[in-house]
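The values are calculated or read from the model by the stated rules, or taken from the named source; none is laboratory data. This one's a predicted model, so the numbers in the text were calculated from it and none came from an experiment. Neighbour counts are summed over all protein chains in view; Cβ atoms, including those assigned to glycine, are modelled from backbone coordinates with ideal geometry.
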Amino acid sequence: MKRLAILLSGRGSNFRAIYEAISNGDISNAEIALVISDKKEAKGLIFAKEKGLDARFVNPKDFESREEFDKYIVDLLRGKEIDLVCLAGFMRVITPYFVSAYRNRIINIHPSLLPSFPGLNAQKQALEYGVKITGCTVHFVDEKVDHGPIIIQAAVPVLENDTVETLSDRILKEEHRIYPQAINLIVNDKVEIVGRRVIVKEN
């Protein structure tokens with residue numbers, strides 16, 4: 001059984017999707033062993049506590065630097081023998097120290113078809129650029145923002161009357177679908193990284 005850690009900062013809708021996928025068997029061979037939030041009142045953290053999970057608030061203000069914060073997080077992860085770290089709306093850029101400590105064991109979901117529109121406000125970027133198709137991407141995390149090897153993507157059409165809110169809502173539905181799929185592939189050893197390519201094994 002692979003042990004997951006979820007890092008979040010807000011409502012935790014992707015965390016809920018992961019939790020439900022484990023509960024209903026769409027993700028096999030995995031359990032959520034730890035939930036960490038950098039926001040004390042994050043709805044995702046409250047949900048985790050309600051479900052009886054090991055859920056912890058870690059205040060960034062208690063640390064002198066980003067790296068000191070990340071070192072503390074890594075110590076928590078190692079203490080819980082975490083196999084895979086899932087960023088689910090964690091609104092902090094993790095340091096190279098963190099990436100190195102969990103190389104190829106940290107994944108993130110981003111609301112665009114990377115490498116297009118990395119960083120903040122991806123949906124707004126897509127609308128302003130005028131693309132007809134955008135979507136979401138699950139990827140491994142490396143030292144650059146929204147840059148690591150891509151695991152799964154889902155396309156979402158941009159409609160003529162879309163706003164940031166309506167487009168975001170449709171992308172989010174796809175996020176909830178493909179993030180659990182990606183996790184299920186990884187925890188069942190169906191994924192191999194070759195350079196910047198992710199190969200999904202058939203058997």
Quick check on V156: is it over 24 Å from M1 (Cα atoms), β-branched (V, I, T) and in a loop (DSSP other than H, G, I, E, B)? no
Flag for L7 being modelled with pLDDT of 95 or more, in contact with a Lys or Arg (Cβ under 9 Å, 6 or more places away or on another chain) and crowded, with 22+ Cβ neighbours inside 10 Å: yes
Going by what's in this entry, would A30 be described as within 16 Å of K80 (Cβ to Cβ), at pLDDT 95 or above and surrounded by 21 or more Cβ atoms within 10 Å (Cβ to Cβ)? yes
Anything in the stretch 143-171 that is closer than 24 Å to A17 by Cα and of a type in the set (D, E, K, R)? List them, or say none. D146, E165, D169, R170
Which residue, of L7, L53, L45, is without any contact (Cβ under 8 Å) to a residue 60 or more places away in the chain and in contact with a Gly (Cβ under 9 Å, 6 or more places away or on another chain)? L45
Need the failing condition index for E81 against (1) touching a helix residue (DSSP H, G or I) at 6+ places or on another chain (Cβ under 9 Å); (2) surrounded by fewer than 16 Cβ atoms within 10 Å (Cβ to Cβ); (3) of a type in the set (D, E); (4) over 27 Å from G135 (Cα atoms), just the number. (1)
Need the failing condition index for N188 against (1) touching a strand residue (DSSP E or B) at 6+ places or on another chain (Cβ under 9 Å); (2) touching a residue at least 60 places away in the same chain (Cβ under 8 Å); (3) surrounded by 19 or more Cβ atoms within 10 Å (Cβ to Cβ), just the number. (3)
With respect to F69, determine if the residue is among the aromatic types (F, W, Y), over 23 Å from M1 (Cα atoms) and buried (at least 19 other Cβ atoms within 10 Å of the Cβ). yes
For the subset of the stretch 99-122 comprising residues that are outside any loop (DSSP other than H, G, I, E, B) and in contact with a strand residue (DSSP E or B) (Cβ under 9 Å, 6 or more places away or on another chain), which member is surrounded by the fewest Cβ atoms within 10 Å (Cβ to Cβ)? V99
Please name all residue pairs, on different chains or six or more residues apart, with Cβ atoms under 6 Å, provided the first residue is in the stretch 162-181 and is under 13 Å from A122 (Cα atoms) and the second residue is crowded, with 18+ Cβ neighbours inside 10 Å. V164/Q123; L167/Q123; S168/Q123; I171/P111; I171/C136; I171/V156
Please work out if G52 is over 19 Å from I183 (Cβ atoms), surrounded by fewer than 20 Cβ atoms within 10 Å (Cβ to Cβ), small (G, A, S) and in contact with a Lys or Arg (Cβ under 9 Å, 6 or more places away or on another chain). no
Do we have any residue at all in the stretch 123-138 that's farther than 22 Å from R16 by Cβ, touching a residue at least 24 places away in the same chain (Cβ under 8 Å) and surrounded by 21 or more Cβ atoms within 10 Å (Cβ to Cβ)? yes
Every pair of residues 6+ apart whose Cβ atoms lie under 7 Å, when the first sits in the stretch 15-36 and is charged (D, E, K, R) while the second is part of a helix (DSSP H, G or I): R16/F47; D26/P180; D26/N184; E31/I22
